Every structure is written in C-alpha cells, then in structure tokens.
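Trainee: Before I ask anything, here is the structure I am working with.
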Amino acid sequence: MEIRQLEYFVTVAEERHFTRAAQRLHVAQSGLSASIRTLERELGAELFIRSTRNVDLTDAGRALLVEARHTLNDLAAAREAVAAVQGLLSGRLVVGTLQCLGALSVPDLLARFHQDHPGVEIRLRQGGSHELLAQVRAGDMDVAIVSVPPAGESAGVVLTPLSSEPMVLACGPGHRLAEQEQVGLADLKDESFVDFHPGWITRDVTDHALAGARIERRVALEVNDVHSLLDFVGAGLGIALVPHSFTGKQTRARFVPLQAPVPVWQTAVAVAAGRRCSAAAQALLRDPSLRWPAQGGTGARSGRPGRAGSVGPVGPGGTGADVAARTA
C-alpha cells in the first residue's frame, strides 16, 4: 500500500466521483481508477459502490477512510515537524470557530499567526460546535474554538477551556420581563423561544438548564446566526437565553440577568485526542490568547493531547472538573 494510493482513495471518497477526483488531483482518470482497483486487490475488499453518476463508500471503504485520513495527517505532521526544526514552517492549518466569541478575536489571532508564519496556508471554517467537533475528531480540522457541551466533555477530543460567561435573558423592549432587575427560570414558563437549530451547543445549554428546572419550552423560530436571533427577539417574536457577550451587540432586544442557579456558556479550544498536533497547529496553540497549557497531559508544545473526552487545565482558580460542574 502506497501513500499515493491513500491520497487517491481519500480524494475519490470526498468527491464521490472519479472524474472530479482526477481533476482535483491533476491526474488521468484512467490512472486514478487503476490505482483504486490495485488498492482494492491488495486489501481484498471493494471500497466503492460504482454507478454511472457517482460512487459511494462500502462498509470497508468507510472503515478505511477514517484510518487513511489519520495516516495522511500524521505524515503531513511529520513533514511539518522536520520543516519547523529547519525554521521553515509550512503546510496547511485548518481552523474552525463559532460565529461570535466574546473572549477572543479570531481575525487578530490568525493575523498574528500569518505574520509569524507566512508559509502556512490558513483555512477557516465557521459552524456549530457539534459540526466543528466532528471535523476535529475525523482529522479534517486541526484546531477548533467551540462551545463546551453541557456534560463538559466530548468523546475523541481534548477541550481546554477558554472562557466562561453567564447566560442572560434576551427579550423584546415591550416584553413583560424587560424592565426586571433579575428573572428566574420559572418566569420563562409558557414563553415562546427563538433559538439556534438543534446541534448548536448554545441551544443545548439552554435545553439543559430548563430541563433541570422542569420547564418545557416551545421553540417557535429557529435561526443559524446570532444577528437573526437578536433581530427576531427584538421584534417581540420570542425570547432567548444567550451568552452575556451578546449584550454588546447593536439590537432592539433587552437583556435581563438571571437568578441563581445561572446557566453558564463556556468556550474551549478543541484538538483531536490521541494524535500528534501538526507543527502549524502547535505554533497556533502557543498564542497566549488560547491559554493552551505549556506542560501536562494536554500540552500543545509536545503535540500530545490528553485522553479522549477530557477537559484540559483551566489555569489559576479552577480545574477541568470545576469547569464541567459549572457548565452543568
């Protein structure tokens, strides 16, 4: 089995089409097809279900895809490590992030990195935390800034806490609770909510808090960006529980603190567990704004993440267990 065969296989799996894969790889389709057939013979299994329009992975193909990506990522990390020793950091860095981060300026972070390492190609992807975590877990993303799940952990990744802030009530200016100094979760019973789509951890935090208070809620409007959520809330079409940092945005919505126990929204830096971080990822993680520990089980300097699903050190004033408890 050759590295080139794995590269060809992964590209066909991603494109689901031999012609498009050949174009992306800048090779002849006949040569690509022959390479895949040779790989299938060597493994003794068909990797693709072929049709006239596209191709799909077989069970064997899906199993190989995971390991092939890991192998190619490890190979790229090895090449980058050698280049870093020579002072020639290069390669590609894939970073994922949420839309709004009160504690971190991603543009400033990436600008500093680009200035220090102009030879590295930076790719940025925005999305919900579950989506970003899945890409980190699969090896398609080096580093992601995500919301911490209510359980405080996520299998297959290491989470190092970045920030923590209370949730607040967002409501329209004419809402009955808009002028209150504080409101309790019980006051939200029978209200109509505006929220993000299922799969966003910000919504999971709200669901977890209201379920703990034994409050059933109805989400009438689902959105996929922060500004739309605040626009609908400001228009009086529902209420929402949002991170405190949202209060700094221009909106007609009013924000009211919550009474204890206050649900907490936390962000964290996520990397894959059990795999060495690439040299480019290690360089990014050394930026002080990410608060990545220099030593210990999740140390980015060694490139060896901690155990799967763990929450890394918080620094002064708390531990990973403390963070998980406060999140819940």
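The values are calculated or read from the model by the stated rules, or taken from the named source; none is laboratory data. In this text the structure is predicted, and so the values were computed from the model without any measurement. FYI the Cβ positions are ideal-geometry reconstructions off the backbone, even for glycines, and counts take in every protein chain you see. With ligands, DNA and RNA removed, areas are computed over all heavy atoms of the protein, side chains included. Shrake-Rupley method; radii C 1.70, N 1.55, O 1.52, S 1.80 Å.
Trainee: For Arg16 and Arg252, what does the FRET efficiency come to when R0 = 45 Å and r is the distance between their Cβ atoms, rounded to the nearest 0.05?
Mentor: About 0.50, to the nearest 0.05.
Trainee: Rounded to the nearest percent, how much of the accessible area of the chain (1.4 Å probe, protein heavy atoms only) is carbon and sulfur?
Mentor: Its accessible area is 49 percent carbon and sulfur atoms.
Trainee: Averaging sequence separations of C-alpha pairs under 8 Å and six or more residues apart, then dividing by the length of segment 136-286, give the relative contact order as a whole percent.
Mentor: 44 percent
Trainee: For segment 213-260, calculate the relative contact order in percent as a whole number, restricting contacts to Cα pairs under 8 Å that are 6 or more residues apart.
Mentor: Relative contact order of segment 213-260: 34 percent.
Trainee: Separate question: Of the listed peptides 190-203, 157-170, what is their order by residue-averaged count of other C-beta atoms within 10 Å, with the highest listed first?
Mentor: 157-170, 190-203
Trainee: Can you give me the accessible area per residue for segment 77-141, using a 1.4 Å probe, in Å²?
Mentor: That works out to 51 Å² for each residue.
Trainee: Leaving out ligands and nucleic acids, and using a 1.4 Å probe, what accessible area per residue does segment 201-250 come to in Å²?
Mentor: Values: 2470 Å² over 50 residues.
Computed with neighbouring chains in place, this is 49 Å² per residue.
Trainee: Would you mind computing, in nm to one decimal, how far apart the modelled labels at Leu221 and Arg123 are, each placed 7 Å from Cα along Cα→Cβ?
Mentor: 3.5 nm
Trainee: Distance from the Cα centre of segment 169-218 to that of segment 254-291, in angstrom?
Mentor: 24 Å
Trainee: Continuing with the same structure: May I have the pair-distance distribution P(r) for the chain, computed from all Cα-Cα distances with 20 Å bins from 0 and rounded to whole percent?
Mentor: In order of increasing distance, the bins hold 28, 48, 22, 1 percent.
Trainee: While we're looking at this one, here's another question. Dipole size in debye (nearest 20) for segment 110-259 around its Cα centre, Lys and Arg Cβ +1, Asp and Glu Cβ -1?
Mentor: Around 180 debye, computed over segment 110-259.
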